[in-house]
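Undergrad: For reference, the structure I am asking about is given below.
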Ligand code: AMP
């Protein structure tokens, strides 16, 4: 596996790969890799085929962090991440230096104005502008045929689909299912911030969503009752502080009064200063 840090080296590599007609599939990450990320690398390999190139980018993007968030503390494990990517069969790890991606006086960005307003965008103002900007930069630099994003960040996936549609990127966006720990907790780089007590209580997120799924599958359509069910399970953890619980359409992120053919239940919960998110995307069968 090749590793590149410098932008000009990346551009030379991309040009060379393009000249021999090899397709690229991109998996953007912020590092601290776990099985959730690596499952996306597997999907990228399927898409790229044996001849194509799987590119993993690893960059803790400062513009998507708010002033009081964990940018400085975000876990860094480049050597371990490199090994994991290599073992999983990625072809290129693009890991630019912290100040390598933005000019000091950068003044152009990409902003999405509809899907990104609520949920995580509401709790983290400016977050999705940072995401759209860095993803656009990666798309422009790497020019992938396809890119893989996790359903763990469902709103992000919807925003990126909109970005690609509205800016006409010729890139297929693929969503990968949420990978969970044995007890149901969605894997996240931020799980390592949790104390043992918080970690054991963090299971309430997935438990609450599982109960909501069972209720929906059992025919429950009363949104207040579904939300009440989720809130009740979450309140079973004394350490959990609800940031948001939203019931929206998974494609538009607009609030729904009653579940039609599709429903996204998205939750964000603080354990002390650690913010965890999870979601359930439910679609009527058939
Ligand atoms: P991050 O490094 O947190 O920015 O995540 C990079 C990519 O991995 C994003 O597309 C995430 O949605 C995805 N991802 C993170 N955790 C998981 C998970 N548990 N299951 C599936 N995808 C995930």
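Read-outs: derived from the displayed coordinates by stated rules, not from any lab. Bear in mind the structure is a predicted one, so any value in this text is a computation, not a measurement. Cβ atoms come from the backbone with ideal geometry, glycine included; neighbour counts cover every protein chain shown.
Undergrad: Evaluate the distance, in nm, between pseudo-label points positioned 7 Å from the Cα of residue 50 and of residue 145 along their respective Cα→Cβ axes.
TA: It works out to 1.5 nm between the two label points.
Undergrad: Pop the C-beta distance of residue 245 and residue 103 into the FRET formula with R0 = 51 Å and round what comes out to the nearest 0.05. Please report the intermediate quantities before stating the final value.
TA: On the way: r = 40 Å, r/R0 = 0.78.
Approximately 0.80, to the nearest 0.05.
Undergrad: Against the longest principal axis of the chain, how steep is helix 35-48, in degrees 0 to 90 to the nearest 10, with axes from Cα atoms?
TA: Between helix and principal axis, roughly 50 degrees.
Undergrad: A follow-up question, please. Mind checking the angle between helix 7-19 and the chain's longest principal axis? C-alpha axes, 0 to 90 degrees, to the nearest 10.
TA: That helix lies at roughly 80 degrees to the long axis.
Undergrad: As I understand it, the value is the acute angle between the Cα axis of helix 78-87 and the longest principal axis of the Cα atoms of the chain; what does it come to in degrees, rounded to 10?
TA: Orientation of helix 78-87: about 90 degrees from the principal axis.
Undergrad: Mind jotting down the distance between the C-alpha centroids of segment 168-205 and segment 53-95, whole Å?
TA: Between the Cα centres of segment 53-95 and segment 168-205 lies a distance of 16 Å.
Undergrad: Rounded to a whole number, what is D in µm²/s for segment 152-286 from Stokes-Einstein with the Kirkwood radius over alpha-carbon pairs (37 °C, 0.692 mPa s)?
TA: Answer from the Stokes-Einstein relation: 209 µm²/s.
Undergrad: Let me ask something additional. Please express the Cα-Cα pair-distance distribution P(r) of the chain as a list of whole percents, one per 5 Å bin, running from 0 to the bin with the greatest distance.
TA: 1, 5, 12, 16, 18, 17, 13, 9, 5, 2, 1, 0
Undergrad: Right, another one. Cα-Cα pairs above 16 Å in segment 87-172: how many percent?
TA: Of the Cα pairs, 58 percent sit more than 16 Å apart.
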